[in-house]
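Notes follow the structure.
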Amino acid sequence: MKRLCSLLVTLPLAACSTDGFELPSFSSVTSLLDPTRPETQTLSGPIETVARPDFGGSENITVSSLTGDGAKSFTVRPYGNGVRVSQSDGCVWTRSSDWFSPSDSWANCGDSKNWHTAQAQVRELDSLYPLQIGSTGRYQRSAVSHTGRSYTRETRCTVTDAVEVVRRGHAATPAYVVECDDSRRLRTTWYAPGEGPIAYRERHFRNGVEEAWVRVD
């Protein structure tokens, strides 16, 4: 145990200790073993609840990939009753101002020959808000691809935890951990009150992690 403590002593501090050494929280150990998750630590204080967002302007976001793909940027602009997001890799998608709602259109996204471009109808079945541990929301998306393929699928989102995300150049940031499962992919967002998504991980149940990043701006 002493040897393990000495190896981990440089990680973020947690609430428990052994022989004078501070052990990292379980979430920090998880991020060490799985580099596609952001570095986190136990909350040092209370975290605010989050009301349904009301997007009121444009925003530019820069993120650093946790899968070795370098930096990526997102340009977010108002679009009808929602937002239009243009990624630096050429992918463009739209959705409501609710980050967790599935997108209702996308173009030039991913490498699937049948699904890189599509339109969809999205309906909220149960509200996820206000965000607090245990909150659950549901969405239904009916999509049609540019090649004529279609599906109707339900997404269930649950606030599973609250932690502090550790980012270079930033104070440790309290954030909710929200997992959205649509039976094909598990999308995990670390969502900070007042800032929005500061880390994200998307894992395909068959193909593994497809995207993971932490916000750096």
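The values are calculated or read from the model by the stated rules, or taken from the named source; none is laboratory data. Please read these numbers as outputs of a predicted model, since none were measured by experiment. In this analysis, Cβ positions are derived from the backbone assuming ideal geometry, glycine residues included, and neighbour counts consider all displayed protein chains. All accessible areas refer to the heavy atoms of the entire protein, side chains included, with ligands and DNA or RNA removed. Shrake-Rupley method; radii C 1.70, N 1.55, O 1.52, S 1.80 Å.
Here are some notes:
- Output for the stretch 183-214, where each listed residue is in contact with an Asp or Glu (Cβ under 7 Å, 6 or more places away or on another chain) and not in a strand (DSSP E or B): 193
- Qualifying residues in the stretch 119-140 (those that are assigned to a strand (DSSP E or B) and β-branched (Val, Ile, Thr)) - the one nearest to residue 47 (Cα to Cα): 136
- The C-beta contact set for the stretch 166-195 (first residue more than 14 Å from residue 214 (Cβ to Cβ), second residue small (Gly, Ala, Ser), distance under 6 angstrom, 6+ apart or interchain) comprises 176/162.
- Close Cβ contacts (under 8 Å, 6 or more residues apart or on different chains) running from residues in the stretch 54-70 that are at negative phi and open to solvent by 40 Å² or more (accessible area, probe 1.4 Å) to residues that are among the hydroxyl-bearing types (Ser, Thr, Tyr) and part of a loop (DSSP other than H, G, I, E, B) comprise 54/97; 55/97; 66/36; 67/36.
- Answer from 129, 176 - the residue that is surrounded by 13 or more Cβ atoms within 10 Å (Cβ to Cβ), closer than 27 Å to residue 63 by Cα, touching a Leu at 6+ places or on another chain (Cβ under 9 Å) and of a type outside the set (Gly, Ala, Ser): 176
- The residues in the stretch 141-152 that are in a strand (DSSP E or B), open to solvent by 50 Å² or more (accessible area, probe 1.4 Å), of a type outside the set (A, V, I, L, M, F, W, C) and touching a residue at least 12 places away in the same chain (Cβ under 8 Å) can be counted, and the count is 1.
- Hits in the stretch 32-42 - residues which are in contact (Cβ under 8 Å) with a residue 12 or more places away in the chain and either over 17 Å from residue 170 (Cα atoms) or open to solvent by 50 Å² or more (accessible area, probe 1.4 Å) (or both): 32, 35, 36, 37, 39, 42
- Being touching a residue at least 12 places away in the same chain (Cβ under 8 Å), in contact with an Asp or Glu (Cβ under 8 Å, 6 or more places away or on another chain) and open to solvent by less than 50 Å² (accessible area, probe 1.4 Å) is a description that does not apply to residue 50.
- Only one entry in 156, 138, 168 is open to solvent by 20 Å² or more (accessible area, probe 1.4 Å) and out of contact with any strand residue (DSSP E or B) (no Cβ under 7 Å at 6 or more places or on another chain), namely 168.
- Of all residues in the stretch 55-112, those that are assigned to a loop (DSSP other than H, G, I, E, B), over 17 Å from the mean Cα position of the chain (by Cα) and either at pLDDT 95 or above or of a type in the set (Ser, Thr, Tyr) (or both) total 8.
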